[in-house]
There are 8 protein chains.
Amino acid sequence: MQQLSSIKIAIVLGSDSDWPTMQPCRDLLGLFGLACDVRVMSAHRTPEAVMEFSRTAHENGYKLIIAAAGMAAALPGAIAAHTILPVIGVPIASGTFGGFDALLSIAQMPPGVPVACVAVGGAKNAAVLAAQIIGTGEPDVAHKLQEYKSSLAAEVVRRDQSLQGQIAGK
Amino acid sequence: MQQLSSIKIAIVLGSDSDWPTMQPCRDLLGLFGLACDVRVMSAHRTPEAVMEFSRTAHENGYKLIIAAAGMAAALPGAIAAHTILPVIGVPIASGTFGGFDALLSIAQMPPGVPVACVAVGGAKNAAVLAAQIIGTGEPDVAHKLQEYKSSLAAEVVRRDQSLQGQIAGK
Amino acid sequence: MQQLSSIKIAIVLGSDSDWPTMQPCRDLLGLFGLACDVRVMSAHRTPEAVMEFSRTAHENGYKLIIAAAGMAAALPGAIAAHTILPVIGVPIASGTFGGFDALLSIAQMPPGVPVACVAVGGAKNAAVLAAQIIGTGEPDVAHKLQEYKSSLAAEVVRRDQSLQGQIAGK
Amino acid sequence: MQQLSSIKIAIVLGSDSDWPTMQPCRDLLGLFGLACDVRVMSAHRTPEAVMEFSRTAHENGYKLIIAAAGMAAALPGAIAAHTILPVIGVPIASGTFGGFDALLSIAQMPPGVPVACVAVGGAKNAAVLAAQIIGTGEPDVAHKLQEYKSSLAAEVVRRDQSLQGQIAGK
Amino acid sequence: MQQLSSIKIAIVLGSDSDWPTMQPCRDLLGLFGLACDVRVMSAHRTPEAVMEFSRTAHENGYKLIIAAAGMAAALPGAIAAHTILPVIGVPIASGTFGGFDALLSIAQMPPGVPVACVAVGGAKNAAVLAAQIIGTGEPDVAHKLQEYKSSLAAEVVRRDQSLQGQIAGK
Amino acid sequence: MQQLSSIKIAIVLGSDSDWPTMQPCRDLLGLFGLACDVRVMSAHRTPEAVMEFSRTAHENGYKLIIAAAGMAAALPGAIAAHTILPVIGVPIASGTFGGFDALLSIAQMPPGVPVACVAVGGAKNAAVLAAQIIGTGEPDVAHKLQEYKSSLAAEVVRRDQSLQGQIAGK
Amino acid sequence: MQQLSSIKIAIVLGSDSDWPTMQPCRDLLGLFGLACDVRVMSAHRTPEAVMEFSRTAHENGYKLIIAAAGMAAALPGAIAAHTILPVIGVPIASGTFGGFDALLSIAQMPPGVPVACVAVGGAKNAAVLAAQIIGTGEPDVAHKLQEYKSSLAAEVVRRDQSLQGQIAGK
Amino acid sequence: MQQLSSIKIAIVLGSDSDWPTMQPCRDLLGLFGLACDVRVMSAHRTPEAVMEFSRTAHENGYKLIIAAAGMAAALPGAIAAHTILPVIGVPIASGTFGGFDALLSIAQMPPGVPVACVAVGGAKNAAVLAAQIIGTGEPDVAHKLQEYKSSLAAEVVRRDQSLQGQIAGK
């Protein structure tokens, strides 16, 4: 994975309490040979840090940014406002609406400044989408994605057989 | 109204297409003797302008800020992130959800950085709330609010009688 | 904080069962040097008390009122009907809808009688918004808000470093 | 219908703009031999009038009250707070949510103070429910309800035959 | 309460699993001196029983019917289809939507056949509404309702003082 | 299609105003060689007719029933309560919620009494589903379904080419 | 049940974690004398398997397919895309929206390709609906459905009496 | 733009009726120097075409796929099931829910198979996101994105000044 050392991805959390939800994102990025920095920054509490980070993300070598936030989840959009890097937004199910507010706050971006929204709590999908984006230019990552896709399918097949066995064995 | 000349309020629109919805806000502020500046700024398209405006709003003499936005309505929160002035948020019914997304994006702010959310399209209530806030320190504005409150009541009474007359006259 | 002794804020609860949710509001007001009275009054069970309280709140020296209620959360609006003081409404997540009914009942006020709605369970934001409103006329409170804002940012930075350390240390 | 002259029903509107929606309610009450007064009163703009009306409604001879309101539709509950008369609430589809906010604001009343909520815009059902309530003690009204129920059924049968004829005739 | 012995109310449950939710309804009816029969009948599993019961409810001396059901809560409407007695519907929070489906299924009745919908799980309000309906013709029940209303208010006042004491005592 | 003459399907409408929405259902059934009766019956206004029709539908030779209704759309469930024939429910977008209430009222049936719910306004899908059900025992209908499925695909292909042509031709 | 040995039903799960929810479906099919195969296949992870299975389901002797899935529940529709067999879809309450997303994803199929949607978690109703569909051509299954329907009714009657006894016995 | 001629993007529509909504996507891609093919394919009506297209998209030189669909919008997910290319999903506001069903169907993908969801009707954002993804490897596209971002900001500034002029000129 040496050849990927120059590819950097950032995972930005609106709160460190989002880390247990997002840890599988980092683990899966690792599976694709992609390193990442994890940061806690808040669109509403440390907006300058968000701006500074986002404005310089491109020149600092980040290829894309994954941002997770709950409730009025402004973080992914606030990052997207300052960069032309792709921003993947992960709605977090904090508060009492199960992440429904965060989903709308992240998906319903105005024309010109997109965020790539994944499912509520979709840490793994943020990682896969990130790898897919990197994979458009990195054959190695694309190859790993193919393997991952195959492993997903194999796992379903394995569980299919296991369940059929379990039922037959009753 | 000379004595209020030093009180400045800002109405910030996420898009100039919000102006027809928000014009009654400005008109009603005028009724309370409150001048306002109207600005178009976008949390996602001109974030630096939003930051610059919000950071200096206090020292530039603004007493509070009214911000209107639709969809993933980040503007009110983005302003609140940079100032300790009260921020009133008005969800705008753009998009296909009737402003429901904007309502959640504005009301569901995280702990520490509030926005005072009013109803979808609630331009008049933004103005009244602004006057109420100013009125906590300005007896003249408080007095005008009392008059306005009385006029609202009188108008309901007038319409009550008018409808009763209309029905009786049938 | 001597000079603030004349500033009174009221926290009105629709039910004493809302107190655990709202206690952080009172604690945070205390941090801003703002004293408050806490009352239990019900728009539907003690409407005269609500009316009496609201009508005299101004002359009794209250600067603003924070009202918390769940379900068909009429309390903030019922108070706003009788006073020109700013009313901050806090939707409470009672019932089976996670406070969604209360959010709509509080935010969707008709033209002329606003309530400043914060997030479901947003006790802290009610306190900060109250301080921001008081702070428009009280430099001391404004100063404390700046400190609080800085402390929020510092806390995020601290957690950012702590999480990075935790991850690096693995 | 002479013997019913002492039965009075009130239709209270939060706004005179609700009259076109509610006129069928009054017409249908008339069909049941029930007279009604129509009033415009606002829980938020004329709360004293609402209180005064509600507190004296019983002694003024009203048997029940029908209240229609939109958005944060506090009117039916505000009336119910002051009377032991049955209160029927009609959510009005004003605003951008199709009356969804009003439905929740009217139906989700706290324990002890009920409102009988009907469908959004359910003017006719408010009238029928009112007649049903009166009909528990007035055989004449009960008789008219039976006739009305029969006529509803007959109308469905007529339309059933008409549509079958129309289809067959093609 | 002898004089009320001829007044009968029915509580009909769509499932006996609704009984814990609805037991407070029966208890509160008892407080108002109103006896009730409790039945389990299902609009979808015993529709003939529902029809038979509803069609004869009037002649069998019932004054009104309280019906509780969850999900596609057809029971209150199915009863209302067969009687001119007032039907009070209580949405039950079964399933995964917190009773939201039941609320819509009960409130949104078509023109001509109303159900008086109360809050999700609103067992007590069903009882109070029932008493209010009976009370339009029974001064004794009306009197008890006044006492109940006073006791609700007194309880809020007591809790208000208790909380204030608790806070002051800290 | 002679051999299908003994297969009868019923389309039951809660209101004749649903006919324009449901006419494509009948047309499409015709395409599959399936005749149908169209009836207007109301779960709430002609419940006996619904019961009578449903109870005898099997012996009267109906193979399945398609029922369309809006708002608290009880009709499909009321039919299903009285028959073991498959019942297909079509939510109609009447009222102000776009058929959302009807969708929940039809889909969320309690255990033991299913309704096969299709999309809001899904007249065509009701017809196709009906044909699929009939087709499990009628090879002719199955054959026609295959043709229909092919024609759907061919139409998409045709439109694909047409749009590509239109774009290229610009 | 010998004569039914040629009738095959498939239960397809999007994930083996849906099995506890769907096991009652299989048990109830057994009660109706209907055997079934249980498979785990994913529209998104093993789409070829889904396609292969669906395309050959008819010729492989399946009479209908029951498919259960959560969140963006594409499985029932993906199967329906490849077969003219009836497909019953069961929304599963995975994720944080209680199956609401799955309900919409399954019910709102486009014209031409229906899925018969039952309630969220409606495993039993999927089985009953399957039996109803089979029963249109199999008198034995129809007979068992009648017995099942009677047993449901008898159970409600039994619980009605049990609850009445329990209440009387207090 | 010669040097980009090898970069191909596909816009896939679930229906040609989505073209007016999606045309701005193609126009904006053109602005970024990105050519695209536009196809009409249906996850439910031409699933084989979707599969064939998706499986070969990578080898056919597509860099990413934009898929637009309404209601149970399975198309983006169906494509993502067969490719490791990034898939951008655009919910279309067909049906009566304003695209709310499509938003959930597209965003709530299960772990392992992401779709990058943008706003309902977000044709432009799909184009910008596509350019951002391509831009991670193509400096020319990145440069054009910077220009586009600047032009968005400039347009807001222009409208800000224009509105201020319009207001001042009154």
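Here are the numbers:
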{"quantity": "Which numbered condition F:G70 fails, given (1) of a type in the set (G, A, S); (2) away from chain G (no Cβ under 12 Å); (3) out of contact with any strand residue (DSSP E or B) (no Cβ under 8 Å at 6 or more places or on another chain)", "calculated": "(3)"}
{"quantity": "Meets criteria (surrounded by fewer than 21 Cβ atoms within 10 Å (Cβ to Cβ) and within 14 Å of chain E (Cβ to nearest Cβ)) for G:L103", "calculated": "no"}
{"quantity": "Residue within the range A:29-41 that is closer than 20 Å to H:P114 by Cβ and facing another protein chain (nearest Cβ under 7 Å) present", "calculated": "yes"}
{"quantity": "Residues of the range E:113-127 satisfying the condition of being in a helix (DSSP H, G or I) and hydrophobic (A, V, I, L, M, F, W, C)", "calculated": "E:A123, E:A126, E:A127"}
{"quantity": "The range F:27-49, residues that are touching a Ser or Thr at 6+ places or on another chain (Cβ under 8 Å) and closer than 18 Å to F:S17 by Cα", "calculated": "F:V40, F:S42"}
{"quantity": "The range C:4-61: number of residues that are buried (at least 16 other Cβ atoms within 10 Å of the Cβ), in contact (Cβ under 8 Å) with a residue 40 or more places away in the chain and part of a loop (DSSP other than H, G, I, E, B)", "calculated": "6"}
{"quantity": "Count - residues of the range D:75-103 that are free of Cβ contacts under 8 Å to residues at least 60 places away in the same chain and more than 14 Å from F:T96 (Cα to Cα)", "calculated": "13"}
{"quantity": "Residue list for the range A:131-149, filter: in contact (Cβ under 8 Å) with a residue 40 or more places away in the chain and under 16 Å from A:R26 (Cα atoms)", "calculated": "A:A131, A:I133, A:I134, A:V141, A:K144, A:L145, A:Y148"}
{"quantity": "Residues of the range B:140-156 classified as within 8 Å of chain C (Cβ to nearest Cβ), under 30 Å from D:P20 (Cβ atoms) and touching a helix residue (DSSP H, G or I) at 6+ places or on another chain (Cβ under 8 Å), total", "calculated": "1"}
{"quantity": "Out of A:P91, A:P111, A:P76, sole residue that is touching a Lys or Arg at 6+ places or on another chain (Cβ under 9 Å) and at negative phi", "calculated": "A:P111"}
{"quantity": "Filter result for the condition that a residue is assigned to a loop (DSSP other than H, G, I, E, B) and either in contact with a helix residue (DSSP H, G or I) (Cβ under 7 Å, 6 or more places away or on another chain) or facing another protein chain (nearest Cβ under 7 Å) (or both), over E:I79, E:I84", "calculated": "E:I84"}
{"quantity": "Residue, nearest to the other protein chains (Cβ to nearest Cβ), within the range E:42-67, restricted to residues that are more than 19 Å from E:V118 (Cβ to Cβ) and among the basic types (K, R)", "calculated": "E:R45"}
{"quantity": "Qualifying residue in the range H:61-70 (condition: basic (K, R), at pLDDT 95 or above and more than 19 Å from A:Q132 (Cα to Cα))", "calculated": "no"}
{"quantity": "Residue within the range E:113-123 that is buried (at least 24 other Cβ atoms within 10 Å of the Cβ) and without any contact (Cβ under 8 Å) to a residue 24 or more places away in the chain present", "calculated": "no"}
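One line per residue, one yes/no per condition, for (1) within 20 Å of H:H44 (Cβ to Cβ); (2) more than 9 Å from chain G (Cβ to nearest Cβ):
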residue	(1), (2)
F:V118	yes, no
F:G122	yes, no
F:E138	no, no
F:R158	yes, yes
F:S162	yes, yes
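Results for (1) crowded, with 23+ Cβ neighbours inside 10 Å; (2) in a helix (DSSP H, G or I); (3) among the hydroxyl-bearing types (S, T, Y); (4) within 18 Å of the chain's Cα centre (by Cα), shown as yes or no for each residue.
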residue: E:F97; (1), (2), (3), (4): yes, no, no, no
residue: E:P111; (1), (2), (3), (4): no, no, no, no
residue: E:L129; (1), (2), (3), (4): yes, yes, no, yes
residue: E:Q146; (1), (2), (3), (4): no, yes, no, no
residue: E:Q161; (1), (2), (3), (4): no, yes, no, no
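The values are calculated or read from the model by the stated rules, or taken from the named source; none is laboratory data. All figures in this text were calculated on a predicted structure; none of them were measured in a lab. Don't worry about glycine lacking a Cβ; one is built from the backbone with ideal geometry, like all the others, and counts go over all protein chains shown.
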